1. Return yes when residue A:13 is in a loop (DSSP other than H, G, I, E, B), crowded, with 21+ Cβ neighbours inside 10 Å and either in the same structural domain as residue A:198 (by TED's automatic domain parsing) or out of contact with any helix residue (DSSP H, G or I) (no Cβ under 7 Å at 6 or more places or on another chain) (or both) and no when it is not.
2. With assigned to a loop (DSSP other than H, G, I, E, B), touching a residue at least 12 places away in the same chain (Cβ under 8 Å) and farther than 16 Å from residue A:141 by Cβ as the only criterion, which of A:34, A:90, A:55, A:68 stands out?
3. Those residues that are under 19 Å from the mean Cα position of the chain (by Cα), more than 18 Å from residue A:187 (Cβ to Cβ) and assigned to a loop (DSSP other than H, G, I, E, B), I need them from segment A:114-143; list them, please.
4. Please state which one of A:89, A:60 is touching a strand residue (DSSP E or B) at 6+ places or on another chain (Cβ under 7 Å) and assigned by TED's automatic domain parsing to the domain that holds residue A:213.
5. Which residues, taken from segment B:1-15, are in a helix (DSSP H, G or I) and at the interface with chain A (Cβ under 7 Å from one of its Cβ atoms)?
6. Do the conditions hold for residue A:42, that is, is it touching a residue at least 12 places away in the same chain (Cβ under 8 Å) and more than 15 Å from residue A:197 (Cβ to Cβ)?
7. Can you tell me which of (1) assigned to a helix (DSSP H, G or I); (2) over 21 Å from the mean Cα position of the chain (by Cα); (3) loosely packed, with under 13 Cβ neighbours inside 10 Å is the one residue A:111 doesn't meet?
8. Out of the residues in segment B:17-51 that are over 24 Å from residue A:269 (Cβ atoms) and more than 9 Å from chain A (Cβ to nearest Cβ), state the one that is surrounded by the most Cβ atoms within 10 Å (Cβ to Cβ).
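The values are calculated or read from the model by the stated rules, or taken from the named source; none is laboratory data. Here the structure is a predicted model, which means the values were calculated and not measured. Glycine also receives a Cβ, built like all others from the backbone with ideal geometry; neighbour counts cover every protein chain displayed.
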């Protein structure tokens, strides 16, 4: 596939780079020597308050987003910012945040150490952002798992030279990859290596490969906010004119009496969950919504609905 | 097992979902939908028990 190369650079250990990407451009993040984790963030280029949100991405695509998945922004924007067009390894992470100076000081005693938070902060400072604007990263080539006791764990990776992830910008973004600074952890197999970055113009075939995501009323932007002004000072002071306007409040309750036949009462007792004790109404309500989930939601088993699950 | 009256408490958001489900033809009214859910879930459970 012939793509027009717009930019190439080598990202050296301990560094990161903020790159402007227009919608329809592809960033390839590529192993040079292999065995190197790369932390990645992105922001809406025209409104930095919208940025890639690992929590939302994790909910939609699981702990290891890969080829065919999207990088989502946080609610209430909640839209696909980038699409993972290619992933030759298929092992990335959205469980861990970025490593930080505090980690290296508290666990290892370093006064200063390469760390992803500070590298991200330094790279995005080129665009006027502060260290507080760094957010959780999409960790490329990072092998993580959940242990049986619920903790996230890191193990070694086996990436090779040439392995890469291609990220297609669906909107204009500021993309910020950095070479993970962890050389005393398993993340990059105890060594820091350079990474190659290549920015391409997407071909028609690339663009056609990215599925369309739903555009819904609930995807709100500052024009929809009751307070669209970005707070410019640091101290939090109560707004004396504030009047709460929570959605759909007050919550109103309505009771429905249902005469269960002998047969239906037996069904209820077979299906009821122990958590509801003797509360027949709560047990039946649970059955009702469990039925609904299983009938109409793709993610019924996880209990965590994802974007695009709705069957009708 | 004796039949009995069960009171199900739902809020306006839950009712909106229920009513939209009724509008798509799943049941004639709210009580019928709850009854249908109970019967279908019980049927699934019987199927699972038989396997």
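1. Answer is no for this residue.
2. Working: A:34 fails: farther than 16 Å from residue A:141 by Cβ; A:90 fails: farther than 16 Å from residue A:141 by Cβ; A:55 fails: assigned to a loop (DSSP other than H, G, I, E, B).
The unique qualifying residue is A:68.
3. Across segment A:114-143, the qualifying residue is only A:135.
4. Working: A:89 fails: touching a strand residue (DSSP E or B) at 6+ places or on another chain (Cβ under 7 Å).
It is A:60.
5. B:12, B:13, B:15 - these are the residues of segment B:1-15 that are in a helix (DSSP H, G or I) and at the interface with chain A (Cβ under 7 Å from one of its Cβ atoms).
6. Details: touching a residue at least 12 places away in the same chain (Cβ under 8 Å): yes; more than 15 Å from residue A:197 (Cβ to Cβ): no.
No; evaluated as a whole, the condition is false for this residue.
7. Only one criterion in (1) assigned to a helix (DSSP H, G or I); (2) over 21 Å from the mean Cα position of the chain (by Cα); (3) loosely packed, with under 13 Cβ neighbours inside 10 Å is unmet by residue A:111, namely (1).
8. Of everything passing the filter in segment B:17-51, B:22 is surrounded by the most Cβ atoms within 10 Å (Cβ to Cβ).
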